[in-house]
Structures are given as structure tokens and as C-alpha cells.
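See below for the structure under consideration.
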Amino acid sequence: MEDSKTNVKTVLKDVLDYKKETNWVILTAKTGKVEVVSSGSGLKKLLSFFGFSEMQWGLINVLGIDKSSSINSTRSKLVQINWCGAGVPHGDRGKMINKQKPLIQQAAGSIACELPAEKKEDITGRKIAYNLYHAQGAHKPTHYNFGDGEVASEGLTTADNDPDDEDEDEDFD
């Protein structure tokens, strides 16, 4: 775990280097300056650091891995989790988008996909994999590695993107 005085660029460099153990960082920009809250390895550990009353930004380097008889490739995909805890007052939520998000985007650079969340159940490996799979071009990986587990690309469905949506096929005519 890193302390808040850790250099953001150094931690992001480590997160983006798929040969290093660190594959995520949580950032905050409450003061108008981007600061490191924590960093580590694995999606489950990342989710454990999000605060109920916090506005935080999680960046996780997910590896898109393609293994077949003719291909063996690994591609890094940086995923941004826009965490606005359920305990954040509604009047403060606009600050997250209007003031803090541009600072985080400037620090993070290129993002493969972005997911909003206010409770830990909003983010799963399958949801991230679904969004990455559908955000990519023609070359799709066979699975995604989160540092503490993998999700196969085969079998991902719209239910993985929104498991609470029971009416996904509802017609609004």
C-alpha cells in the first residue's frame, strides 16, 4: 500500500507495467490535486479500499490474454472506476464530474473503459470483462486477468454488464 505522498506518475507507471505485481491504484482529487490513496494487486483488494463516503478513482490494469494454437499475446487495458460512495451527499456528487474527473483523466491518460460505481457490488470481473470485450476491435482476447482471478471471454452476456436489469429485453413501445 502506498501513502498519499507517493508520486502519482511513478505509481501509474508501475500499474501499467504488466510485469510488476501492482496492477491498480486508487486516486483522489479532493484538494484539486491528484493524490494516491492506495495501490496494490487484484480486483478484490482494490474494491476493499473504496470508501462509503468517498469520491475516488480506481484505475486497474486488466490484461487481455489471447492464447490459442497460433497466438499467444497479452495486452494491457486500463479500466477507470468512478467511485462515488453511497454515503456521499448528493450536493457533492457534481464536484466529482465537473472538477475532479478532468484532473484524473489528465493523470491517467488513455482509458480502455470507464465504469461508475457507488457500492462494491456494482463492479465485478465479469462486468469489466464484458465492457472491455465490447469496447475492443476485431481482435478479442480469450480471457481477462485481474491479478487475482481470470474471466473467460466466451459466454459473456448483457446480464454480466447489468446483473440487476431483469427487463433488459423490455420493449418501450
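The values are calculated or read from the model by the stated rules, or taken from the named source; none is laboratory data. Everything quoted here is computed from the prediction, not taken from an experiment. Because the Cβ atoms are built from the backbone with ideal geometry, glycine has one as well, and the counts that use them run over all protein chains shown. All accessible areas refer to the heavy atoms of the entire protein, side chains included, with ligands and DNA or RNA removed. Shrake-Rupley method; radii C 1.70, N 1.55, O 1.52, S 1.80 Å.
Tabulated data
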read-out	value
Carbon + sulfur, % of accessible area of the chain - ligands and nucleic acids excluded, 1.4 Å	48 percent
Whole-Å semi-axes of the ellipsoid equivalent to segment 23-157 (Cα gyration tensor, √5λ, descending)	28, 14, 13
Cα-centre dipole for the chain with unit charges at Cβ (Lys and Arg positive, Asp and Glu negative), debye to 20	1400 debye
Per residue value of the accessible surface for the chain (all protein chains in place, 1.4 Å probe), Å²	56 Å²
Of 30/120; 19/127; 44/101; 9/67; 77/101; 33/140, those spanning more than 28 Å from alpha-carbon to alpha-carbon	9/67; 33/140
GNM top mover of 145, 23, 98 - the chain, alpha-carbon springs below 10 Å	98
The chain, relative contact order in percent, only Cα pairs under 8 angstrom and at least six apart counted	20 percent
